[in-house]
Amino acid sequence: MATDTHNALAAQLAKDAAERFLRYVRIDTQSEEDSESYPSTAKQLDLLRLLAQELKELGLADAAIDEHGYVTATVTSTVSYDTPTIAFFAHADTAREVTGANVNPQRFRYGGGDIPLGGSGSVIRPAVSPELANHVGHELITTDGTTLLGADDKAGIAEIMAAVAYLVAHPDVPHGTIKVAFNPDEEVGRGVIHFPVETFGAVAAYTVDGSTAGEVQSETFSGAQVRMKIHGRAIHPGWAKG
């Protein structure tokens, strides 16, 4: 009986997360590295404002979006004893290399083998994406090959929103205070430069932006910029041959 209940809960959360994800990816939130504004593109605010509104509609009274585009909210504790406040983060922007406009997702049950991406001519191959072997028989959502899908990190946003909706609807589930935050401009390395860390009020945070189910990374580094010195002889490419 416990297993049946767990499976039913997982299916409910997955359904909600997938439906939210399909809505969110259709909102173009591509960031721009060369922009001097914050967020770097105004269109990121289209999704961020929507998320703030959805959190309010779920009953999170303090849900808000600030002048920098940061969306924050609190899921109130359901236990009577003190607990550490933890947070869950996800970023709203998508990478600048491929357009995020007019996204048309493909949703299907995966039977194995190559995945053709619509009529674009592009294909996802198991040899290049070995994780596919673990998802034979699962429902997958991919791009149609003409745009970026935006799963990085609208999948994380959808998962957090589905979890919040479930916890709000089931106050019998014991948990401490939970904070959520959605930010712009992660893809251009400026995602948290204005984030109000001191007033946010969490002792630890988890970024929901991984590669596969069950994956937890306990440490990372900032890869926004690399500077290096190369010791050698400078040479002009016009006469460098040989």
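Solvent exposure of the chain, expressed per residue, is 61 Å² of accessible area, with all protein chains present and a 1.4 angstrom probe. Placing a pseudo-label 7 Å from each Cα along the Cα-to-Cβ vector at Glu19 and His135 gives an inter-label distance of 2.2 nm.
What part of the accessible area of the chain, given as a whole %, is carbon or sulfur when the probe is 1.4 angstrom? Walk me through the numbers before you get to the answer.
Values: 7970 of 14810 Å².
That share works out to 54 percent.
Accessible area per residue (1.4 Å probe, heavy atoms of protein chains only) ranks Lys43, Lys56, Lys241, Lys229 as Lys241, Lys229, Lys56, Lys43, with the largest value leading.
Any idea what the alpha-carbon Rg over 2.2 N^0.38 Å comes to for the chain? Don't skip to the answer; put the middle values down first.
On the way: Rg = 20.8 Å, N = 242, 2.2 N^0.38 = 17.7 Å.
Expressed relative to 2.2 N^0.38 Å, the Cα Rg reads 1.18.
The chymotrypsin sites (Phe, Trp or Tyr not before Pro) of the range 26-89 that DSSP puts in a loop, and whose beta carbon has at most 12 other beta carbons within 10 Å, are Tyr81. For the options Gln30, Gln12, Gln106, a Gaussian network treatment of the chain with springs between C-alpha atoms closer than 10 Å singles out Gln12 as fluctuating the most. Distance between Cα centroids, the range 1-23 to the range 32-47: provide it in whole Å. Value for the Cα centre distance between the two parts: 33 Å.
Around the Cα centre of the range 42-110, unit charges on the Cβ atoms of Lys, Arg, Asp and Glu (plus for the first two, minus for the last two) sum to a dipole of about 420 debye.
Can you pull out the GluC sites (Glu not before Pro) in the range 9-57 whose DSSP state is coil and whose Cβ has at most 11 other Cβ atoms within 10 Å?
Working: sites: Glu19, Glu32, Glu33, Glu36, Glu54, Glu57; in loops: Glu32, Glu33, Glu36.
Passing sites in the range 9-57 are Glu36.
Per-residue 3J(HN,Hα) values for the range 38-45, derived from phi via the Karplus relation 6.51 cos²θ - 1.76 cosθ + 1.60 with θ = phi - 60°, read 9, x, 6, 9, 5, 5, 4, 5 Hz in sequence order (x marks Gly and Pro). Between amide H atoms placed 1.01 Å from N, distances below 5 Å from Thr207 occur with Phe89, all of them 5 or more places distant or on a separate chain.
3J(HN,Hα) along the range 187-200: 5, 9, x, 10, x, 10, 5, 10, 5, x, 4, 5, 9, 5 Hz, from the Karplus curve 6.51 cos²θ - 1.76 cosθ + 1.60 with θ = phi - 60°, whole Hz, x for Gly and Pro. Helical content alone sets the calculated 222 nm signal of the chain at -8000 deg cm²/dmol, taking -39,500 (n - 2.57) per DSSP H segment of four or more residues and averaging over every residue.
Taking every alpha-carbon pair in the range 68-139 and binning the separations at 10 Å intervals from zero gives 13, 27, 25, 21, 12, 2 percent. Under 17 Å from a label point set 7 Å out along the Cα-to-Cβ vector of Thr212, the amide N atoms of the range 134-177 belong to 134-141. For the chain, the longest principal axis of the Cα atoms and the long axis of helix 2-24 meet at an angle of about 50 degrees.
The modelled label-to-label distance between Val197 and His6, using points 7 Å beyond Cα along the C-beta direction, is 3.7 nm.
Ordering Asp93, Asp66 from largest to smallest accessible area (1.4 angstrom probe), what's the sequence?
Values: Asp93 0, Asp66 50 Å².
Accessible-area ranking of Asp93, Asp66, largest first: Asp66, Asp93.
Net charge dipole, the chain: roughly 700 debye, given to the nearest 20, about the Cα centre with Cβ charges of +1 for Lys and Arg and -1 for Asp and Glu.
Rounded to the nearest 0.05, what FRET efficiency do Glu97 and Val123 have when you use their Cβ-Cβ distance and R0 = 22 Å? Intermediate values should be presented prior to the final figure.
Numbers: r = 19 Å, r/R0 = 0.86.
That gives a FRET efficiency of 0.70.
Could you work out Rg/(2.2 N^0.38 Å) for the range 1-86, with Rg from alpha carbons only? Mind dumping the intermediate values first?
Details: Rg = 17.2 Å, N = 86, 2.2 N^0.38 = 12.0 Å.
Its radius of gyration relative to the 2.2 N^0.38 Å reference: 1.44.
Listed values for the range 165-176 are Karplus-derived 3J(HN,Hα) couplings in whole Hz (6.51 cos²θ - 1.76 cosθ + 1.60, θ = phi - 60°), namely 4, 5, 5, 5, 6, 10, x, 6, 6, x, 7, x, and x replaces Gly and Pro.
The values are calculated or read from the model by the stated rules, or taken from the named source; none is laboratory data. No experiment lies behind these values; they were computed from the predicted model shown. So basically every Cβ, Gly included, is an ideal-geometry build from the backbone, and we count neighbours across all protein chains shown. Keep in mind that these areas ignore ligands, DNA and RNA; they rest on the heavy atoms of the full protein, side chains included. Shrake-Rupley method; radii C 1.70, N 1.55, O 1.52, S 1.80 Å.
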